[in-house]
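Got a structure here, written out as structure tokens. Questions coming.
The values are calculated or read from the model by the stated rules, or taken from the named source; none is laboratory data. Predicted, not measured: the structure shown is a model, and the values here were computed from it. As a convention, Cβ positions derive from the backbone with ideal geometry for all residues, glycine included, and neighbour counts pool all protein chains shown. Each accessible area value is taken on the protein alone, full model and side chains, heavy atoms only, with ligands, DNA and RNA left out. Shrake-Rupley method; radii C 1.70, N 1.55, O 1.52, S 1.80 Å.
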Amino acid sequence: MSSSHERNDRKRWRPEGQNKPQAGRPAAAKGQHKHGADKDGADWLWGWHTVVAALANPERPAPRRLIATAERAHQLTERFGKIAALEIVEAGVVRERLPAGAIHQGLALKTPPVAPVPIDELGALAAGVLLVLDQVTDPQNVGAIFRSAAALGARGVILQDRHAPVLSGALAKAAAGAIDAVPHARVVNLSRALEQLAELGWRAVGLDGSATQTLAQVLDERPTVLVLGSEGEGLRRLVAEHCDALARIPMPGGFESLNVSAAAAIALYEACKTPTALAR
């Protein structure tokens, strides 16, 4: 099992009033409004839960563009009131803007990524659980980890500045809105970040399939940083050396390894059994 950016201009956007959607023709259909899709969708969010969470987040900059089918536009304006960036389009136009196969549910939002917070701010209150991802680069895995973090009450996720995907596109879809619910930090050096967290009162537990102790044996009531390595390499040596303890998830079924996002969910669930994990 292996198991700062410069801050965005935080111009806070608020929906305008409570007006109902205005009648109007959808934007040009497929073939008439064709500028080509963004190759990886990195500037876009799509899917109902993902877009709604982004629009509801007061820390997000103003939307650059919001395209939606007539039905979805009506649902958005009922929830948020008038949205200046909203364009009513045919479903094919939404599809053209996104990577092939993207399940957009009739809407897509172009917006800068949610801004990270400084690590000393994220770890200032030593209580509960934080997650550190050591070169976990697969967007689907990172998105699923954010979703588990939101569901199980983690206080935040810490990513590397360079070896981590942007929190948008397919990652945001996999997170289903969790990237706007769980704060995150980006750091240049994970080892130094663990040292900073230790100074703030956190105890680091690294997940390592070869560890002698299980996670249940290692966890206690102290504020905990769960450190997860990449699927291929696991925890890097220097990162592992900065953990206070290493632990494994027991696998009585005999299968060799878990997907890192599955390991994160199991580890968070185990950590939730301790009283400190509930303090938020």
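Quick one: which of Q135, Q105 is open to solvent by 20 Å² or more (accessible area, probe 1.4 Å) and at pLDDT 95 or above?
On the way: Q135 fails: at pLDDT 95 or above.
So the residue among Q135, Q105 that is open to solvent by 20 Å² or more (accessible area, probe 1.4 Å) and at pLDDT 95 or above is Q105.
Kindly provide the set of residues from region 103-119 that are outside any loop (DSSP other than H, G, I, E, B) and within 19 Å of the chain's Cα centre (by Cα), ordered by number.
Step one: list which residues in region 103-119 are outside any loop (DSSP other than H, G, I, E, B), which gives 107-110, 119.
Those that are outside any loop (DSSP other than H, G, I, E, B) and within 19 Å of the chain's Cα centre (by Cα): A108, L109, K110, I119.
Oh, and also: Quick one: count up the residues across region 198-220 that are assigned to a helix (DSSP H, G or I) and open to solvent by 60 Å² or more (accessible area, probe 1.4 Å).
Filtering region 198-220 down to residues assigned to a helix (DSSP H, G or I) leaves 198-199, 215-218.
Remaining after also requiring open to solvent by 60 Å² or more (accessible area, probe 1.4 Å): 199, 216-217.
So the answer is 3.
Which condition breaks for L45 when tested against (1) touching a helix residue (DSSP H, G or I) at 6+ places or on another chain (Cβ under 6 Å); (2) modelled with pLDDT under 65?
With (1) touching a helix residue (DSSP H, G or I) at 6+ places or on another chain (Cβ under 6 Å); (2) modelled with pLDDT under 65 applied to L45, the lone miss is (2).
Given the criteria among the β-branched types (V, I, T), under 21 Å from D138 (Cβ atoms) and in contact with a Phe, Trp or Tyr (Cβ under 6 Å, 6 or more places away or on another chain), does I266 qualify? Lay out the reasoning, then the answer.
Values: among the β-branched types (V, I, T): yes; under 21 Å from D138 (Cβ atoms): yes; in contact with a Phe, Trp or Tyr (Cβ under 6 Å, 6 or more places away or on another chain): no.
No.
If E195 satisfies all but one of (1) part of a loop (DSSP other than H, G, I, E, B); (2) surrounded by fewer than 20 Cβ atoms within 10 Å (Cβ to Cβ), what's the number of the condition it fails?
Unmet condition: (1).
What do you reckon, is A267 buried (at least 19 other Cβ atoms within 10 Å of the Cβ), at pLDDT below 95, touching a strand residue (DSSP E or B) at 6+ places or on another chain (Cβ under 9 Å) and outside any strand (DSSP E or B)?
On the way: buried (at least 19 other Cβ atoms within 10 Å of the Cβ): yes; at pLDDT below 95: no; touching a strand residue (DSSP E or B) at 6+ places or on another chain (Cβ under 9 Å): yes; outside any strand (DSSP E or B): yes.
Answer is no for this residue.
Any idea which of I158, I145, I179 is open to solvent by less than 20 Å² (accessible area, probe 1.4 Å), among the β-branched types (V, I, T) and not in a helix (DSSP H, G or I)? Walk me through it before giving the result.
Details: I145 fails: not in a helix (DSSP H, G or I); I179 fails: not in a helix (DSSP H, G or I).
Testing whether each residue is open to solvent by less than 20 Å² (accessible area, probe 1.4 Å), among the β-branched types (V, I, T) and not in a helix (DSSP H, G or I) leaves just I158.
Something else: I'm told A240 meets every condition in (1) buried (at least 21 other Cβ atoms within 10 Å of the Cβ); (2) under 20 Å from L159 (Cβ atoms); (3) in contact with a strand residue (DSSP E or B) (Cβ under 6 Å, 6 or more places away or on another chain) except one. Can you identify the failing condition by its number?
Failed condition: (1).
Continuing with this model, one more query. Take region 161-175 and flag every residue that is of a type in the set (G, A, S) and either within 14 Å of V114 (Cα to Cα) or open to solvent by 40 Å² or more (accessible area, probe 1.4 Å) (or both). Full working, then the answer.
Let us first name the residues in region 161-175 that are of a type in the set (G, A, S), namely 164, 168-170, 172, 174-175.
Residues satisfying the conditions are S168, G169, A172, A175.
Got a sec? Which of A27, A62, A91 is of a type in the set (G, A, S), open to solvent by less than 50 Å² (accessible area, probe 1.4 Å) and modelled with pLDDT of 90 or more? Outline the logic, then answer.
Values: A27 fails: modelled with pLDDT of 90 or more; A62 fails: modelled with pLDDT of 90 or more.
None of the other options fit; the residue is A91.
Among the residues in region 254-262, are any buried (at least 17 other Cβ atoms within 10 Å of the Cβ), touching a Gly at 6+ places or on another chain (Cβ under 8 Å) and not polar (S, T, N, Q)?
yes
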